[in-house]
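Contents: one structure, followed by commentary.
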Amino acid sequence: MQKLTIGIVGFGVIGQRWTACFAHAGHAVRVFDPTERREASFNEVLPALMADLDALKGSSHAPGAIHLFPTLAETLQGVDFVQENGPEDLALKRRLLAEIEDHIGDEVVIASSSSALLVSDMQGECRQPGRVVLGHPFNPAHLMPLVEIVGGKASDPQAIARAHAIYDAIGKKPVTLNREVTGHIALRLMGAMWREAIALVRDGVASVEDVDRAFMYGPGAKWTLQGSFISNSLNADGIEDFLRKYGPTYQAIWDTLLDAKLDNETIRAITVSTNAAVGGRSQEDLKAAREAGLVGILKTVAAHGAL
């Protein structure tokens with residue numbers, strides 16, 4: 001894909017990481033954020049993010065230039081694509097998307113990083129709602145390849161295809177939802193597993209440490225490489241044989257899955273067990289270990305992953 005000019009609106013944690021991704025891939029990036037710490041944030045975080053991407057993808061021979069601007073109008077001059085990263089506030093988001101439209105060409109797609117809002121709701125004040133799509137990254141967004149693309153009721157399929165092509169060209173692994181659903185795909189999968197994990201800890205079946213170990217050293221490693229469907233199909237003579245052989249076992253598990261409500265008692269139980277698993281390690285140390293480990297894991301997935 002030719003080199004583009006990308007507009008980044010919102011330079012918080014997600015916007016910073018999108019900026020690093022696009023610049024590392026060689027695209028020019030123009031950034032706007034209304035807060036006073038734009039320049040300080042830029043200088044504090046971008047070098048480390050680019051270093052992470054160098055470790056994952058190799059050094060960028062021609063990274064795109066990154067420029068910060070004081071106004072939205074200046075930021076969006078001549079952009080080919082906009083990644084919006086504003087707060088999860090529907091009224092604000094609707095106004096922001098409509099304002100972005102005032103400063104871009106009619107052909108420019110706007111992708112929102114929203115994790116909780118529906119595109120159909122966000123499009124309400126846009127004069128060209130068809131160009132607005134969801135481009136939801138997965139944290140840490142500069143390293144994790146997943147981007148979930150969703151259109152709203154008014155979204156143009158060509159806008160979805162355009163976003164898909166742009167994300168794919170910078171090394172992301174985009175997936176497209178056929179309809180809107182709360183939480184998209186990954187958060188719903190995580191939510192289903194995590195509900196059971198929380199209930200197991202709450203009911204004293206196992207500690208946080210052992211529940212997490214069971215996933216990390218059980219299905220987690222295999223599913224990272226091949227996903228759940230392909231991975232399970234290898235445990236039998238294909239997926240149909242697996243479902244017929246082990247279906248009754250899974251049905252028995254599903255019939256006895258636990259429910260979890262995040263009431264005060266449950267929150268206390270999870271907090272105590274999680275703090276024990278953390279063992280005094282700082283948030284900064286844990287995040288640094290996560291980022292360093294992800295580079296190796298993602299290189300392995302790139303070389304040996306099935307999808």
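Quick notes on this structure:
- Figure legend. Inter-residue proximity from the stretch 266-289: first residues without any contact (Cβ under 8 Å) to a residue 12 or more places away in the chain, second residues open to solvent by 50 Å² or more (accessible area, probe 1.4 Å) and outside any helix (DSSP H, G or I), beta-carbon distance below 9 Å, spacing 6+ or different chains. Indicated pairs: ALA289/ARG281.
- Subset of the stretch 176-230 (residues that are open to solvent by less than 50 Å² (accessible area, probe 1.4 Å) and either within 19 Å of LEU294 (Cβ to Cβ) or of a type outside the set (A, V, I, L, M) (or both)): GLU180, GLY183, HIS184, ALA186, GLY191, GLU196, SER207, GLY218, PRO219, GLY220, GLY227, SER228
- Checked against the criterion of being in contact with a Lys or Arg (Cβ under 6 Å, 6 or more places away or on another chain), open to solvent by less than 60 Å² (accessible area, probe 1.4 Å) and not hydroxyl-bearing (Ser, Thr, Tyr), the candidates VAL82, VAL109 yield just one match: VAL109.
- Selection of the stretch 159-206 for residues being touching a helix residue (DSSP H, G or I) at 6+ places or on another chain (Cβ under 8 Å) and assigned to a helix (DSSP H, G or I) yields ALA159, MET193, ALA197, ILE198, LEU200, VAL201, ARG202.
- Complete set of residues in the stretch 70-95 that are within 19 Å of the chain's Cα centre (by Cα) and acidic (Asp, Glu): GLU84, GLU88, ASP89
- If you go through the stretch 161-172 and keep only what is free of Cβ contacts under 8 Å to residues at least 60 places away in the same chain and surrounded by fewer than 22 Cβ atoms within 10 Å (Cβ to Cβ), you end up with ALA161, HIS164, ASP168.
- Selection count, the stretch 85-106, where residues are assigned to a helix (DSSP H, G or I), under 22 Å from GLU148 (Cα atoms) and open to solvent by 60 Å² or more (accessible area, probe 1.4 Å): 2
- Only one entry of ALA302, ALA260, ALA288 meets the criterion of being closer than 16 Å to ILE198 by Cα, within 28 Å of the chain's Cα centre (by Cα) and surrounded by 12 or more Cβ atoms within 10 Å (Cβ to Cβ), and that entry is ALA260.
- Candidates are the residues of the stretch 263-285 that are part of a helix (DSSP H, G or I) and among the small types (Gly, Ala, Ser); the one that is farthest from ALA197 (Cα to Cα) is ALA276.
- Only one of the numbered conditions (1) in contact with a strand residue (DSSP E or B) (Cβ under 7 Å, 6 or more places away or on another chain); (2) closer than 28 Å to ALA154 by Cα is violated by ASP33, and that is (1).
- Subset of the stretch 41-65 [open to solvent by 20 Å² or more (accessible area, probe 1.4 Å), hydrophobic (A, V, I, L, M, F, W, C) and under 22 Å from the mean Cα position of the chain (by Cα)]: PHE42, VAL45, ALA48, MET50, ALA51, ALA55, LEU56
- Some residue of the stretch 237-246 being hydroxyl-bearing (Ser, Thr, Tyr) and either exposed (fewer than 11 other Cβ atoms within 10 Å of the Cβ) or closer than 30 Å to GLY293 by Cβ (or both): no
- Output for the stretch 263-277, where each listed residue is within 29 Å of ILE297 (Cα to Cα) and open to solvent by 70 Å² or more (accessible area, probe 1.4 Å): ASN275, ALA276
- Filtered residues of the stretch 13-28 (kept if open to solvent by less than 10 Å² (accessible area, probe 1.4 Å) and either within 15 Å of SER114 (Cα to Cα) or aromatic (Phe, Trp, Tyr) (or both)): GLY15, TRP18, PHE22
- Those residues of the stretch 213-229 which are under 19 Å from the mean Cα position of the chain (by Cα), of a type in the set (A, V, I, L, M) and within 21 Å of THR274 (Cα to Cα), in sequence order: none
The values are calculated or read from the model by the stated rules, or taken from the named source; none is laboratory data. Small disclaimer: the values here were computed from a predicted structure and weren't measured. Note that each Cβ is placed from the backbone with ideal geometry, even for glycine, and that neighbours are counted across all protein chains shown. Protein only, heavy atoms only, side chains kept; ligands, DNA and RNA dropped before computing areas. Shrake-Rupley method; radii C 1.70, N 1.55, O 1.52, S 1.80 Å.
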